[in-house]
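The values are calculated or read from the model by the stated rules, or taken from the named source; none is laboratory data. Note that the coordinates shown come from a computational prediction; the quantities given were computed from them, not determined experimentally. Here the Cβ is made from the backbone with ideal geometry for all residues, glycine too, and neighbour counts use every protein chain on show. Just the protein is used for accessible areas: all its heavy atoms, side chains included, with ligands, DNA and RNA removed. Shrake-Rupley method; radii C 1.70, N 1.55, O 1.52, S 1.80 Å.
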Amino acid sequence: MNNVTTILTNNDLVGAYAISKAVLPHMRSRKSGNIVFTGSMASFFAMPRVAAYAVAKNGVWGLIRNFAFETATDGIRVNGIAPGYIDNTGIFKEATVNDPERYQRIVSRIPSHILGEPGDIGWATVYLCSPAAKYVNG
């Protein structure tokens, strides 16, 4: 693997796995908990120049499904959010700053034609961790 692939895999997949394995025993002892992973739309749609990132994030979706199944009877819910395109983030800026055509193509595929904001992901996470989402798992 090259350096980029190693960094993406370690940060996005291995890191998610390691942190989860570290907190799960504590959640199991309390018989409650929520884990919310950040996935990516790159897991669902092929995109140019993001193969390593897409592979790592596909692994995260595997963690979500498996941990959700393994921990459900322990009162733990595991979910993921695939944010789509979020404005004011490094990854989005890097992908579009020198490519106005790509920016327009991305925005044109969004039904509302607006980019998300970081807070939008925060509110989705609040919902997933709240009692209102007690039936949402995996």
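Structure summary
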quantity	calculated
Mean accessible surface per residue for the chain, computed with a 1.4 Å probe while every protein chain stays in place, in Å²	63
Residue-averaged 222 nm ellipticity for the chain, from DSSP H runs of 4+ at -39500 (n - 2.57), nearest 500	-16000 deg cm²/dmol
Highest-fluctuation residue, Asn11, Asn58, Asn79 considered, GNM on the chain with Cα pairs under 10 Å	Asn11
Coil-residue trypsin sites (Lys or Arg not before Pro) of segment 5-87, DSSP, other Cβ within 10 Å capped at 13	Lys31, Arg49
Loop-located chymotrypsin sites (Phe, Trp or Tyr not before Pro) in segment 1-95 whose Cβ has at most 14 other Cβ within 10 Å (DSSP)	Phe44, Phe45
Heavy-atom accessible surface of segment 25-138: percent carbon and sulfur, 1.4 Å	59
Candidate lysines - alpha carbon under 19 Å from Lys31, same-chain residues fewer than 8 apart omitted	Lys21, Lys134
Cβ-based net charge around Lys57, under 14 Å, with every Lys or Arg adding one and every Asp or Glu removing one	0
Gaussian network model of the chain, springs between alpha carbon atoms under 10 Å - residue of Gly119, Gly80, Gly59 with greatest fluctuation	Gly119
Sequence-distant aspartates and glutamates (8 or more away, or on other chains) whose Cα lies within less than 15 Å of Lys93	Glu101, Glu117
Rounded to whole Hz, the Karplus (6.51, -1.76, 1.60) HN-Hα couplings of segment 106-121, x for glycine and proline	4, 4, 5, 7, 8, x, 7, 6, 10, 7, x, 10, x, x, 4, 6
Taking N as its residue count, the alpha carbon Rg of the chain over 2.2 N^0.38 Å	1.15
